[in-house]
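The values are calculated or read from the model by the stated rules, or taken from the named source; none is laboratory data. Model, not experiment: these values are computed from the prediction. With ideal geometry, Cβ positions are generated from the backbone for all residues, glycine too; neighbour counts draw on all protein chains shown. Heavy atoms of the whole protein, side chains included, go into the accessibility calculation; ligands, DNA and RNA do not. Shrake-Rupley method; radii C 1.70, N 1.55, O 1.52, S 1.80 Å.
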Amino acid sequence: MDLYEYQGKEVFRRFGIPTSEGRLATTPEGARAAAEEIGGTVVVKAQVLTGGRGKAGGVRVASGPDEAEEHARAILGLDIRGHVVRRLWIERAAEIAKEYYLSITFDRGARAPLLMLTTRGGVDIEQVAEETPEALARIHVDPLEGYRPHHGRALVSRRPSRSG
């Protein structure tokens, strides 16, 4: 299942997981209105089902509604790895103390879901996996058993430190 960021955050909220405040926008004017409603510094994020949004110019910080609208004009219609941006997620900017990357994907070779975690963030996850594979904790989940709390504990206990 592929989810846009805004859809994933909605799922998290339904299960009581805190997420940053944000609004969906499909036009520059909608981005402006969202930024006005949220107030302060916001992040304008392309909603596409692929990685590399930031490097492609699809994630930009705006100091207010005018800048949010300007960024939205630049991002909407942008082609990011063959995906044309038609939706934006406008959210309150946050100070990032630590950045983690958590992924659940299907490992065809093992015929099982694969959970991956690193403390090195997700911007260059392919590079992290290639150059420092020990920095990426991996756990397969038996599809007949499904995810259980012990999987999460095992994944976190294998998580290398930021310096590691």
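Converting phi to 3J(HN,Hα) with the Karplus coefficients 6.51, -1.76 and 1.60 and the offset θ = phi - 60°, segment 88-99 yields 10, 10, 9, 9, 4, 5, 9, 6, 9, 7, 9, 10 Hz in sequence order, with x at every glycine or proline. A cut-off under 14 angstrom between Cβ atoms defines the neighbours of E10, and their net charge, with Lys, Arg +1 and Asp, Glu -1, is +2. The sum of -39500 (n - 2.57) across all DSSP H runs of n ≥ 4, divided by the residue count of the chain, sets its helix-only mean residue ellipticity at 222 nm to -8500 deg cm²/dmol. Summing charges over all other residues whose Cβ lies under 13 Å from the Cβ of G52, with Lys and Arg as +1 and Asp and Glu as -1, gives +1. Put a dot 7 Å past the Cα of L78, heading toward its Cβ, do the same for Y4, and the two dots end up 1.5 nm apart. Computed over the Cα atoms of the chain, pair by distinct pair, the Kirkwood hydrodynamic radius stands at 17.4 angstrom.
Potential lengthening of the chain between K98 and R13 amounts to 28.5 nm, from the contour at 0.36 nm per residue minus the alpha-carbon distance.
Surface exposure of segment 67-132, expressed per residue as accessible area with a 1.4 Å probe, stands at 64 Å².
When a 1.4 Å probe is rolled over the protein heavy atoms, the share of accessible surface on the chain that falls to carbon and sulfur comes to 52 percent.
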